[in-house]
1. Say R0 is 56 Å: what FRET efficiency, to the nearest 0.05, do Glu219 and Glu126 get from their beta-carbon distance?
2. How about Lys240: which lysines have a C-alpha closer than 26 Å to its C-alpha, ignoring those fewer than 8 places off in the same chain?
3. Sort Thr185, Thr122 so the one with the fewest other Cβ atoms within 10 Å of its own Cβ comes first.
4. In what sequence, highest mean first, do 282-292, 174-184 appear when ranked by Cβ atoms within 10 angstrom?
5. I want the local charge near Arg120. Using Cβ-Cβ distances under 9 Å, sum +1 for each Lys or Arg and -1 for each Asp or Glu among the other residues.
6. If the cut-off is 16 Å between C-alpha atoms, which lysines fall inside it for Lys198, apart from same-chain ones fewer than 8 positions away?
7. Based on DSSP, what percent of beta bridges with both residues in segment 167-247 are antiparallel, to the nearest 5?
8. Arranged from highest to lowest average of other beta-carbon atoms within 10 Å per residue, in what order do the peptides 241-253, 129-141 appear?
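Every read-out reported here was derived from the displayed coordinates using simple, explicitly stated rules and does not represent laboratory data. Since this is a predicted model, take the numbers as computed values, not measurements. Cβ placement follows ideal geometry from the backbone for every residue including glycine, while neighbour counts extend to all protein chains displayed.
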Amino acid sequence: MKRSICWILAALFLLAVAACGSNAAEGPATGTAHSPAPKDTQDDVVAVVVTPPPTQEATLPPAPTLPPELIPTPEPTEVPVGDPIITLVEGEELNVAADFTFSDPGYFAADYRGNSLTDRVTVKGEVVPYLTGTYELSYSVKDDDGRSTTVVRRVHIVPAEMPEIVMPPEKTVYLTFDDGPCGYTEELLDVLKKYNAKATFFVIGNKRRTDLIKRAYAEGHSIGVHTYCHEYNKIYKNEKAFFEDFQKTQEVIKEATGSYTRIFRFPGGSANTASRRSKGIMTRLTKIMEDMGYRYFDWNVSAGDSGGNGYTASQIKSRVVNGLKNHSDYAVVLQHDIHLNSVRAVEGILKWGQENGYTFLALDLTSPVVHSKVQN
């Protein structure tokens, strides 16, 4: 109780001192506990200022620091010493359709350390891409340590896949025209269009009448390879010469139509004897071309106009009509659009044919083939 009274008195004293200090003309700006008390106050009163202890913020003890996880250092892996490795793209057995050319799918080589050796690989062997059969190519490489490896690839040249032949209705006629196009071809196309008949043009590439080839193709006629130069002694010199002539004509056809063709007619037909200076070449070529996916067409009706021969348009018409009468199933007719009389005979042929129930179609890969007996 006495302690409470003392606290109260001390507080009152402090208030009194503060009030006196604010009204005094002189004196310190602030009173302290040691300033002398006024005379009218009790003599023995001592002011005590109690300062509470500072408040400490509560803090959590620091989290224990975990030792870093120990990752074991792997033991160095030893690469086993070995011979170089050659990897053949598409494997060691390769089936390829017969064609004019063969392209190796490729290969990779590396030593046992993984260093590339591809540019050191040597390839031996030959593939004849147009002759069916099996060929072997060997690939060899040597590393910096003198170790070597050889692997073998077997290339099987197989016949190209061909669509099945579809027999047409009876009285189907395939009009075919060789050795063009030329100026007369425009008149021929007009007549064919008039009768809504389709035909096939076996073209000569070096004439470069791509405008007429393009028109014929656009109007639904078939375009086939005949030759580029039509010079037998050059074309039938050997297989390579024939292929070069053939492919040059293909490029002309592609320029005009946007695509290559797969039908053709041998210059002089497959039974020609002009090729005999290269013994057996026609026997080889007829098989090779079919293996590569091309169909060749001879004929079973001829207009007899190959050399002009002075036939009139009426005579040419009669020859063709008589030939059609002997083929009630289908007929492949040989004509030449480089001869005006042959072109002018076409309207009479079409008129007679349509009056007698014949249909005029263009050849394609599904058309029935007519092959003559090869003479060489």
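1. 0.80
2. Here the lysines satisfying the reach criterion relative to Lys240 are Lys124, Lys207, Lys248, Lys254, Lys279, Lys287, Lys373.
3. By the 10 Å Cβ count, ascending, the order reads Thr122, Thr185.
4. 174-184, 282-292
5. Within the 9 Å Cβ shell, the charges total -1.
6. Partners found: Lys171, Lys214, Lys351.
7. The antiparallel fraction comes to roughly 0 percent.
8. Order by mean packing, descending: 241-253, 129-141.
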